[in-house]
Amino acid sequence: MRLIFLLLGAASFAALVFSIGTWYLQPLLFRQIVLRRLNRQGLIARLTNKLTKRQKSGSKHSALLGQLSELSDLLDATARNLRLGKSMASALKSATETGTIKEPVIGELVALTTRGESFAEATKRLSPTAKANDLIFALRTIDLAATGGVGGVLALERAAIVLRERSTNINDRQMQASQAMLSTKVLSWAPVAVAGWLVATSSSVRSFLILSVSGWVCILLGLSFNYVGRRWMQTIVAPAQA
């Protein structure tokens with residue numbers, strides 16, 4: 001019987017190590033190899049932009065990057081239209097028609113200003129409905145640019161630069177934190193693997209963890225600390241709304 005438990009434990013441990021290596025280490029190694037090759041060819045920036053546009057909107061990270069990209073493109077297009085001599089309302093409307101902005105607050109702003117409402121009143125009304133700070137920043141910049149003059153055009157262009165820099169910083173932060181996240185995942189699975197091995201190979205450990213209240217308390221506390229640690233690390237790495 002002991003030999004059977006040893007064989008089952010060894011097989012479980014080998015399967016766990018193989019799964020961890022397949023799920024985490026192999027994609028990371030392929031990614032590093034591809035990044036090094038692209039770095040030699042000077043294509044990392046273009047590839048990052050394409051991958052950012054193709055990311056799914058369900059992820060908070062990709063949704064934030066998508067919104068930053070859309071807002072920066074909108075501000076740049078509005079500034080170009082202003083330089084062509086259009087009014088602020090006409091410039092913003094043309095920018096939304098030619099761009100890919102999907103934010104309903106911007107669409108409502110275009111509708112209100114097209115009907116003749118001032119930008120100051122429209123942005124004041126729509127700011128409470130904007131949930132993201134980046135969107136509020138864009139609304140205030142548009143309100144400032146609506147006052148007229150060359151300064152408004154410069155404000156739009158510089159605001160677009162700020163949003164793009166924020167997007168770049170988020171990408172850099174995520175890339176630098178990938179190693180820490182991998183270490184967190186491995187360290188969080190290692191105690192589970194060790195516990196499984198001990199339960200499979202030791203009758204005394206199995207009796208304590210499974211057949212006693214103290215053992216179940218230890219299991220629940222370990223799983224709780226494990227989960228809290230993973231969530232804490234994800235919160236630290238996640239891009240903050242600034």
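Brief remarks on what is shown
- Failed item, numbered, when Ser167 is tested on (1) part of a helix (DSSP H, G or I); (2) surrounded by fewer than 14 Cβ atoms within 10 Å (Cβ to Cβ): (2)
This table checks each residue for (1) under 30 Å from Thr114 (Cβ atoms); (2) at pLDDT below 85; (3) assigned by TED's automatic domain parsing to the domain that holds Gly66; (4) not in a helix (DSSP H, G or I).
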residue: Leu154; (1), (2), (3), (4): yes, no, yes, no
residue: Val162; (1), (2), (3), (4): yes, no, yes, no
residue: Met181; (1), (2), (3), (4): no, yes, no, no
residue: Leu187; (1), (2), (3), (4): no, yes, no, no
residue: Val199; (1), (2), (3), (4): no, yes, no, no
residue: Ile210; (1), (2), (3), (4): no, yes, no, no
residue: Ser224; (1), (2), (3), (4): no, no, no, no
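- Phe119, sole failed condition from (1) modelled with pLDDT of 85 or more; (2) in contact with a helix residue (DSSP H, G or I) (Cβ under 6 Å, 6 or more places away or on another chain); (3) farther than 15 Å from Thr141 by Cβ: (3)
- So Gly107, is it assigned to a loop (DSSP other than H, G, I, E, B), more than 14 Å from Asp143 (Cα to Cα) and without any contact (Cβ under 8 Å) to a residue 60 or more places away in the chain: no
- Residues (β-branched (Val, Ile, Thr), closer than 24 Å to Arg83 by Cβ and surrounded by fewer than 18 Cβ atoms within 10 Å (Cβ to Cβ)) located in the range 113-147: Thr114, Thr147
- For the range 180-231, a residue qualifies if it is touching a residue at least 40 places away in the same chain (Cβ under 8 Å), surrounded by 14 or more Cβ atoms within 10 Å (Cβ to Cβ) and not β-branched (Val, Ile, Thr), and the qualifying residues are Met181, Leu182, Lys185, Ser188, Trp189, Ala193, Gly196, Trp197, Ala200, Arg230.
Condition check ((1) surrounded by 13 or more Cβ atoms within 10 Å (Cβ to Cβ); (2) modelled with pLDDT under 75; (3) closer than 22 Å to Ile161 by Cα; (4) aromatic (Phe, Trp, Tyr)) across all residues:
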site	(1), (2), (3), (4)
Tyr24	yes, yes, no, yes
Arg36	no, yes, no, no
Asn39	no, yes, no, no
Thr52	yes, yes, yes, no
Gln67	yes, no, yes, no
Leu74	yes, no, yes, no
Leu84	no, no, yes, no
Ala91	yes, no, yes, no
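- Residue in the range 234-241 that is without any contact (Cβ under 8 Å) to a residue 24 or more places away in the chain, small (Gly, Ala, Ser) and not in a helix (DSSP H, G or I) present: yes
The values are calculated or read from the model by the stated rules, or taken from the named source; none is laboratory data. Just so it is clear, the structure is predicted and the values come from calculations on it, not from any experiment. Quick reminder, even Gly has a Cβ in these numbers, built from the backbone with ideal geometry, and neighbours come from all protein chains shown.
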